[in-house]
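All remarks here apply to the structure that follows.
The values are calculated or read from the model by the stated rules, or taken from the named source; none is laboratory data. Note that the structure is predicted; figures quoted are calculated from it, not measured. No Cβ is skipped: glycine too gets one built from the backbone with ideal geometry, and neighbour counts run over all protein chains shown.
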Amino acid sequence: MPRPAPTTPRAASGAYERDASRSAVISRMSRRLPVNRMEGGAGGKGATESPRSNLRRRHRPNATVCVPRCPRVIVDRLDPTRPSFADVGKLSLNHWMPLPLFLTVASLLVQAGAALLIALVFVGLQRRYWRPFLGHWTWSWLALAAYTACSALARIVLYGAPGRTIAYPPHAVISMLSGIAGCLQLAFLLMGTFELATGASLPRTTVRRIVIATALLGGLLPMLFWWNAANAELVYQLRVTLRRVFVALAALVAARAISRTSRVARAIGRRSVTLTFFGLAAHQIQYLALSADPDIRALYPLWLASLGLVDVVLYFGLAMGLVIWLLEEERQATMDAAAKIEKIAYHDALTGLPNRQLFLNQMGMALHRAKRTKSIVAVLFLDLDRFKVVNDSLGHAAGDALLQTVAERIRTAVRGEDSVTRLGGDEFAVLCTDVGVPEDAVLVAERIVAAVKRPICLEGQEVFVTTSLGISLYPADATSAEGLLKSADAAMYRAKAQGRDIVERYVPELGAAALEQLGLESHLQRAIENDQLEVYYQP
């Protein structure tokens, strides 16, 4: 549509100058960008207009067209003849590297970064726990990172040299490095697994020989495929197949060996590591299945990009499982140390029986339960009669062996729910809970006496030991742990005074007699100190 003429000469002159300046700007922009050319307009026939100017002109036919000073981005978006930014990105990517190759390289580089991060985690664990297998697994994951990075670089180099075969020198060198790293990764993995399963460290000479042999094998393997370097597809399939098979076998061996290691409580970490290795083996088999199918092989780079993420997840799962495993072992070691300290504090070092403190604690709990259930508790106090003679004649080693034998015989003579303790020296005590009648405690005491009196062989000589045993009952004789032990001790001394292998129950008179004896001893000691004794007869 033609532009209407201005009403005055001055207006016409101003409009002409404005249109001419804008036309010059659009002409400069058209040297860089293709724009639509529309007929008509203020600049005459063939003047340059932007699509937005044309749109304004259709809606405002009587208005002067004003072309705004649009930046290049706006002009690109307004021009339907130019490709979009997404299309330009795809064209640039395809011009630099095909999309399948880009996905393959990106997947390999991501795996290399993940393997490197796992290696750093293993380094930290090695500094903290000083486990030999952690050092070998660290080198294994470093070799895996080198292998995947070299694989990505080899693909880039071969793509950048069109018409070249796999024997192209730069590609051949990178392939050799990749083969060495791949073989070392498997060797270090198996060596670390051996140390983890057996708990023994491999000698440095053996490790050095294995590393050298594996590196030579990894460097020579790529050369075996140069016999048909022109058939890159065949060579690739052979190398990939061998690599996947070896990795799957190594993962299965590691999983099987770890599953047989010593177990700790719950062992969540060990199970996680085992399952992760099984997952790695299954994942390699999946790679083999995808590369073997000709129909799927065309889409293998796309599959590789997605399956590479699974590899990364498995790597991190293995690291997390190993961290949990080591923390569980540390926790188990702490619990074992605490149990050992508790055993030392509450058990006799010679016989392994509970000591006096633990025995009193057990008596307190038994009395509390007996008070609630209205049951009877018996305490048996026994002393060996001829222990001093054996200790003086045969030596302390024989005396210790005698005490150990007597402790074992007492333990086998009592009931399963009874508790045996060594109070000190040649004195032992037995706590019998849930006693039906007092005669049941007497039967247990008689079994103990019969078991102890059997001959004991010490240093080639038969030794006969007798015992004296006293019994006190709750609640008849005392209501506290110390009171029961004191009453049983008094009954034992009465049995010792009457002979050998005697069992005596506590009676209240024993307490009065003991108090009287104690008072007499105190008075005599005081009389000696004050010189109050007079001698009337001395034979």
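Of all residues in region 387-397, those that are part of a helix (DSSP H, G or I) and either surrounded by fewer than 18 Cβ atoms within 10 Å (Cβ to Cβ) or at pLDDT 90 or above (or both) total 7.
Is it true that Gln185 is under 24 Å from Leu307 (Cβ atoms), within 22 Å of the chain's Cα centre (by Cα) and at pLDDT 85 or above? Yes. Cβ-Cβ contacts under 9 Å between residues 6 or more apart (or on different chains), taken from a first residue in region 325-345 that is surrounded by 11 or more Cβ atoms within 10 Å (Cβ to Cβ) to a second residue that is of a type in the set (S, T, N, Q), are listed as Trp325/Ser272. Taking the conditions (1) surrounded by fewer than 13 Cβ atoms within 10 Å (Cβ to Cβ); (2) within 30 Å of Ile456 (Cα to Cα) in turn, His368 satisfies each one other than (2). Looking at Glu459, is it crowded, with 16+ Cβ neighbours inside 10 Å and over 19 Å from Leu473 (Cβ atoms)? In short, no. The set of residues from region 94-149 being of a type in the set (Val, Ile, Thr) and more than 24 Å from the chain's Cα centre (by Cα) comprises Thr104, Val105, Val110, Thr148. If you check Arg82, Arg77, Arg69, Arg128 for being surrounded by fewer than 20 Cβ atoms within 10 Å (Cβ to Cβ), at pLDDT 50 or above and more than 28 Å from Trp303 (Cβ to Cβ), only one passes: Arg128.
Conditions (1) at pLDDT 90 or above; (2) surrounded by 13 or more Cβ atoms within 10 Å (Cβ to Cβ); (3) in the same structural domain as Leu380 (by TED's automatic domain parsing), marked per residue:
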position	(1), (2), (3)
Val463	no, yes, yes
Leu473	yes, yes, yes
Asp477	no, yes, yes
Ile502	no, yes, yes
Leu510	no, yes, yes
Leu520	no, no, yes
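Output the number of the condition that Ala370 fails; it satisfies all remaining conditions of (1) touching an Asp or Glu at 6+ places or on another chain (Cβ under 6 Å); (2) in contact (Cβ under 8 Å) with a residue 24 or more places away in the chain. (1) is the only condition that Ala370 fails.
So which residues in region 406-425 are in a helix (DSSP H, G or I) and within 44 Å of the chain's Cα centre (by Cα)? Within region 406-425, Ala407, Glu408, Arg411, Thr412 qualify.
If you go through region 491-506 and keep only what is part of a helix (DSSP H, G or I) and free of Cβ contacts under 8 Å to residues at least 60 places away in the same chain, you end up with Tyr493, Arg494, Ala495, Ala497, Gln498.
Scanning region 371-386 for residues that are surrounded by 13 or more Cβ atoms within 10 Å (Cβ to Cβ) and not basic (Lys, Arg) yields Ser375, Ile376, Val377, Ala378, Val379, Leu380, Phe381, Leu382, Asp383, Leu384, Asp385.
Would it be correct to say that Leu120 is buried (at least 19 other Cβ atoms within 10 Å of the Cβ) and either at pLDDT below 85 or within 25 Å of Trp325 (Cβ to Cβ) (or both)? Against the criterion (buried (at least 19 other Cβ atoms within 10 Å of the Cβ) and either at pLDDT below 85 or within 25 Å of Trp325 (Cβ to Cβ) (or both)), Leu120 does not qualify. Remark: Val435 matches the filter, which requires a residue to be surrounded by 15 or more Cβ atoms within 10 Å (Cβ to Cβ), more than 15 Å from Leu469 (Cα to Cα) and touching a strand residue (DSSP E or B) at 6+ places or on another chain (Cβ under 6 Å). Considered as a group, the residues in region 426-439 that are outside any strand (DSSP E or B) and in contact (Cβ under 8 Å) with a residue 60 or more places away in the chain include one that is farthest from Ser487 (Cα to Cα), and that residue is Gly436. Would you point out the residue of region 190-211, among those that are polar (S, T, N, Q) and part of a helix (DSSP H, G or I), that is surrounded by the fewest Cβ atoms within 10 Å (Cβ to Cβ)? Selected residue: Thr205. Within the set Gln362, Gln332, the sole residue that is among the polar types (S, T, N, Q), under 42 Å from the mean Cα position of the chain (by Cα) and under 30 Å from Arg128 (Cβ atoms) turns out to be Gln332.
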